Amino acid sequence: MAKGSDLLVAALENEGVDRIFGVPGEENLDLLESLRTSRIELILTRHEQAAAFMAATHGRLTGRPGVCLATLGPGALNFSTGAAYAHLGAMPMILITGQKPVMSARQARFQIVDIVASMKPLTKMSRQIVSAAAIPATVRDAFRIAMEERPGPVHLELPEDVASEDALGASVIPVHEVARAIAGPSALDKAAEMILAARHPLVMIGAAGNRPSLVEPLSQFVRRTGLAFFNTQMGKGAVTGGSDLYLGTAALSEGDYVHEAVEHADLIIAIGHDTVEKPPFLMESAGGPKVIHVGYHSASVEQVYHPDFELIGDIGASVEALAERLDSRLPPDQAMLKLRQKILARLNDRAEEDRFPATPQRIVHDVRKVMPEDGIVCLDNGMYKIWFARNYRTHVANTLLLDNALATMGAGLPSAMMAAMLYPGRRVLAVCGDGGFMMNSQEMETAVRLGLNLVVMILNDSAYGMIRWKQAVDGFPDFGMSFANPDFVRYAQAYGAKGSRVTSVEELVPTLEAAFTGGGVHLVDVPIDYSENTRVLVDELRNRSPDVDFA
């Protein structure tokens, strides 16, 4: 007899789901049995947070929601960080949690938390499935909501008695395509007029520019207009960094070398900027460049971002139509291109310095050397994220995955595991600080069990390095940030992975190369010298711009 959980699995199959990540519990047993006989693979993780990070990364890389599964109460609450990660990062995802029967209460209030309510501020929709007959429409609506702009997570709660309820007579709802609205001709004309009237227009590509469907339209826009561009951290790679129009990445909010281009511009075309990101530049109320916002939705007006004009509609169609209006009508901005040489030269400074422990610049330089153009680097969250954002040149979209929205620790390893599953023929590197790695290091077992080819590089400074740096910059004594680490090589080996430790700067490239060539899961322990944080990101930039606020 078909039951609610069978119908739910059929509805997921109808949406094209081929994997579910999670940690099942007693309240998921009907659903687990339905999965056992389905085409969907269950990827068992060691913590619900990792399952959510993997599902979110699936959505980020494919545009199709990843799906994760947890039980009620404590299991569901462990999804909270992953839900917020997807919500702020605009990653489509479906979270499914169990619940005690709703028609009876034989266990009273044991383990019961109002998960639907707790997930509401962290998701686009949070809903309890109230009957087996409601499953097809609820699932179809959940996927629609998760995928429509702005994408994000949707939570569904499946009570035990609904999972086991008779579902005869119900059937799944066919998936249909949804056409996005397109910006009107008059708005496109106005945007083109503003760009043509500007002396020094500059393009900024934000987080929404990295949607998988926008790679070609954005690259064509830059090629056809000849406009110089920079990107936010999460917009990095949407257009190849190898372009001779690329000016760099805004890893800081102000005062960096790329901000010389912002100061030089009189108009910024902000494509796909999402204000959940730490601001890539601080918009002035008067005297600064004007801003055109190109987005799927109207801009969120903030103290530091309040556009002068908005071009709203499908971004791909908008930039294509803009390119038609601007084609061959914009002269090259020689001053901006000359500024580009200066910016990129400063970013390459000391990239091959041979001191040990290695500097962040040398680590970024050597990682770029061993990663092919389509290789994927997945960053956890720490001080090194700023260095990779500034210095790592991307050539293919979505090959540097970082989180500049929630900016949570612990996501680096799970996101790399998802990338390795989706792209088994490509090199995938997780870059983690020692603090962030230990927050989900148990997933090394999952990676080994799945037979993934994955290299995990741990940047080891025995401290919460980013906050320690901020503590020093703000004039506080060094306190409360240091810790001891396990022997990471032996730790990896305990999970059945391989482990290596770099003991000189010359060893980094051959060690990473050997790890990739050897296959399987390989951890590389790399001591890092963060003294460059102060020399470059404080002293040097403060000399460039005396009024920089590093708060």
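Report yes if some residue within region 434-454 is hydroxyl-bearing (Ser, Thr, Tyr) and not in a loop (DSSP other than H, G, I, E, B); otherwise report no. Taking every residue of region 434-454 in turn, at least one turns out to be hydroxyl-bearing (Ser, Thr, Tyr) and not in a loop (DSSP other than H, G, I, E, B). Take the conditions (1) touching a Leu at 6+ places or on another chain (Cβ under 6 Å); (2) aliphatic (A, V, I, L, M); (3) surrounded by fewer than 23 Cβ atoms within 10 Å (Cβ to Cβ); residue 286 misses just one of them, which is (1).
Take the conditions at negative phi, assigned by TED's automatic domain parsing to the domain that holds residue 536 and either of a type outside the set (Ser, Thr, Tyr) or under 12 Å from the mean Cα position of the chain (by Cα) (or both) and apply them to residue 416. Does it pass? Reasoning before the result, please.
Details: at negative phi: yes; assigned by TED's automatic domain parsing to the domain that holds residue 536: yes; either of a type outside the set (Ser, Thr, Tyr) or under 12 Å from the mean Cα position of the chain (by Cα) (or both): yes.
Yes, satisfied.
Determine whether region 353-365 contains at least one residue that is under 20 Å from residue 238 (Cβ atoms) and not basic (Lys, Arg). Within region 353-365, one or more residues are under 20 Å from residue 238 (Cβ atoms) and not basic (Lys, Arg). Taken across region 266-277, residues that are in contact with a helix residue (DSSP H, G or I) (Cβ under 9 Å, 6 or more places away or on another chain), surrounded by fewer than 22 Cβ atoms within 10 Å (Cβ to Cβ) and closer than 21 Å to residue 327 by Cβ do occur, with at least one present.
Could you check region 404-420 and list, in sequence order, the residues that are surrounded by 22 or more Cβ atoms within 10 Å (Cβ to Cβ) and modelled with pLDDT of 95 or more? Let's see the steps before the verdict.
Start the filter on region 404-420 by keeping residues that are surrounded by 22 or more Cβ atoms within 10 Å (Cβ to Cβ), which leaves 404-405, 410-420.
Scanning region 404-420 gives 410, 411, 412, 413, 414, 415, 416, 417, 418, 419, 420.
If you filter region 238-251 down to residues that are touching a His at 6+ places or on another chain (Cβ under 8 Å) and closer than 14 Å to residue 390 by Cβ, you find that the one that is surrounded by the fewest Cβ atoms within 10 Å (Cβ to Cβ) is 241. Checking each residue in region 377-415 for being assigned to a helix (DSSP H, G or I) and either under 20 Å from residue 250 (Cβ atoms) or in contact (Cβ under 8 Å) with a residue 60 or more places away in the chain (or both) picks out 383, 384, 385, 386, 387, 388, 389, 390, 391, 413, 414, 415. For first residues located in region 137-155 and among the polar types (S, T, N, Q), partners that are buried (at least 19 other Cβ atoms within 10 Å of the Cβ) and lie 6+ apart or on another chain with Cβ distances below 7 Å form the pairs 138/129; 138/156.
Here's the yes/no breakdown for (1) within 15 Å of the chain's Cα centre (by Cα); (2) under 23 Å from residue 490 (Cα atoms); (3) surrounded by 20 or more Cβ atoms within 10 Å (Cβ to Cβ):
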position	(1), (2), (3)
373	no, no, no
402	yes, no, yes
429	yes, yes, yes
436	no, yes, yes
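Which one is surrounded by the most Cβ atoms within 10 Å (Cβ to Cβ) among residues in region 478-514 that are of a type in the set (Ser, Thr, Tyr) and assigned to a helix (DSSP H, G or I)?
So the first thing to find is which residues in region 478-514 are of a type in the set (Ser, Thr, Tyr), and the list is 482, 491, 495, 500, 503-504, 511.
If we keep only those that are assigned to a helix (DSSP H, G or I) too, we end up with 491, 511.
Details: 491: 19, 511: 22.
By that ranking, first place goes to 511.
Checked against (1) at negative phi; (2) of a type outside the set (Val, Ile, Thr); (3) not assigned by TED's automatic domain parsing to the domain that holds residue 271, residue 316 passes all but condition (3).
Among the residues of region 10-26, is any touching a strand residue (DSSP E or B) at 6+ places or on another chain (Cβ under 9 Å) and modelled with pLDDT under 95? Looking through region 10-26, at least one residue is touching a strand residue (DSSP E or B) at 6+ places or on another chain (Cβ under 9 Å) and modelled with pLDDT under 95.
Looking only at residues in region 34-57 that are without any contact (Cβ under 8 Å) to a residue 60 or more places away in the chain and either basic (Lys, Arg) or out of contact with any strand residue (DSSP E or B) (no Cβ under 9 Å at 6 or more places or on another chain) (or both), the one that is surrounded by the most Cβ atoms within 10 Å (Cβ to Cβ) is 38. In region 289-307, the qualifying residues are those that are assigned to a loop (DSSP other than H, G, I, E, B) and without any contact (Cβ under 8 Å) to a residue 24 or more places away in the chain, and the one that is surrounded by the most Cβ atoms within 10 Å (Cβ to Cβ) is 306. Within the set 181, 170, 163, the sole residue that is loosely packed, with under 13 Cβ neighbours inside 10 Å, among the aliphatic types (A, V, I, L, M) and touching a residue at least 60 places away in the same chain (Cβ under 8 Å) turns out to be 181.
The values are calculated or read from the model by the stated rules, or taken from the named source; none is laboratory data. None of the values given here were measured: they were computed from a predicted structure. Here Cβ is always computed from backbone atoms with ideal geometry, including for glycine, and neighbour counts include all displayed protein chains.
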